[in-house]
Amino acid sequence: MSFARNKDFIEKGDTVILYLSPSNMHAIQVEEKIKNKKGELVENVFQTKYGALKVVNLVGTKYGSKVELSKGWAFVLQPTPELWTLTLPHRTQIIYTPDISLIVYLLDLVPGSVVIETGTGSGSLSHALVRAVKPLGHLHTFDFHEQRVLTAKEEFMSHGISEFVTVRHRDVCADGFSAELDHKVDAVFLDLPHPWLTIDFAVKAFKTTGGKLCSFSPCIEQVQKTCQKLSEAGFHEINTYECLQEELTVVQKTMNVLNLDDLNHNENGEKPGRYKEPVKVNSVVHPSTTPGHTGFITIATLPPAFIR
């Protein structure tokens, strides 16, 4: 329940991020008992390379605290959508934080927005969308896989955000969105193999004031078909982005400085030196490898005149 609001102390039922290092974090549920692989209830003891943690002992601990393990220590952090993306159990390929931040920005989401998401998957983007629109807005998310829908519902409930999100089992490419969403939606996000098949349904869902549609596709051929359909449906300002995250390394370099004080001769009639004393400056070094491709993000705006 720790996703719903900021809090100081860990309570029973919370999802907590156990931080061991930047590349070693785990999301754990603060319960006294959990089910093992055989479906039996056993004591909730989490094993790490620094030893074991009896999870129920975290109740009452302040978020951000350092906790003792049997062979070391770790920090306990309140979860955020960004930390959840790094630690969630993968049921599908997920969208990561650099792309998520651009998607939320391009969709112009604010508290009170009503959003459709198609392709709930592992819920990585869903948590960020909920944070952007709550407490007055709502997320309607769809997935064609029934088991993923049931699992997502359980997670949203345990994270305390179920009042801000509705999960539906539906093939939106064939059946569209629920009729109750007609003219109720501010933004639509598509993460589908054939996003162009849902665009007419999205037009019906938008409010009479218009709205924003965003599509995430790994292949440029998908982007081309989607953009063509968007144009035919009356969308304007159609743009496609590729978000490539590149880490620059700051280094200190020694550089020679040209001696421009005297271009001809010095007082003794001698020619001046070409350079002054070398100086140290801060610079950046680009990585030797190119950032990997994740997907193309297409954004488009539907003006009110094209609402049907």
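The values are calculated or read from the model by the stated rules, or taken from the named source; none is laboratory data. Not measured: the values here are computed from a predicted model. Here the Cβ positions follow ideal geometry from the backbone for every residue, glycine too, while neighbour counts run over all protein chains shown. Protein only, heavy atoms only, side chains kept; ligands, DNA and RNA dropped before computing areas. Shrake-Rupley method; radii C 1.70, N 1.55, O 1.52, S 1.80 Å.
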With criteria (1) open to solvent by less than 60 Å² (accessible area, probe 1.4 Å); (2) under 20 Å from the mean Cα position of the chain (by Cα); (3) not assigned by the TED database to the domain that holds residue 165, residue 97 comes up short on (3)
When you go through 1, 25 one by one, which is the residue that is modelled with pLDDT under 90 and outside the structural domain of residue 143 (by the TED database)?
1
Test of understanding: among 51, 123, 119, which residue is at positive phi and more than 16 Å from the chain's Cα centre (by Cα)?
51
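Could you tell me which residue of the stretch 188-227 is farthest from the chain's Cα centre (by Cα), considering only residues that are in a strand (DSSP E or B) and among the hydrophobic types (A, V, I, L, M, F, W, C)?
206
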Are any residues in the stretch 34-51 part of a loop (DSSP other than H, G, I, E, B), of a type in the set (Lys, Arg) and more than 22 Å from residue 76 (Cα to Cα), and if so, which ones?
37, 38
Matching residues in the stretch 1-48 - criterion: being free of Cβ contacts under 8 Å to residues at least 24 places away in the same chain and in contact with a Lys or Arg (Cβ under 7 Å, 6 or more places away or on another chain):
41, 42, 43, 44, 45
In the stretch 102-130, what residues are open to solvent by 10 Å² or more (accessible area, probe 1.4 Å), without any contact (Cβ under 8 Å) to a residue 40 or more places away in the chain and part of a helix (DSSP H, G or I)?
104, 105
Name the residue that is most open to solvent (accessible area, probe 1.4 Å), counting only residues in the stretch 178-224 that are farther than 16 Å from residue 236 by Cβ and of a type in the set (S, T, N, Q).
224
If I filter the stretch 161-177 down to residues being open to solvent by 20 Å² or more (accessible area, probe 1.4 Å) and small (Gly, Ala, Ser), which single residue comes out as nearest to the chain's Cα centre (by Cα)?
162
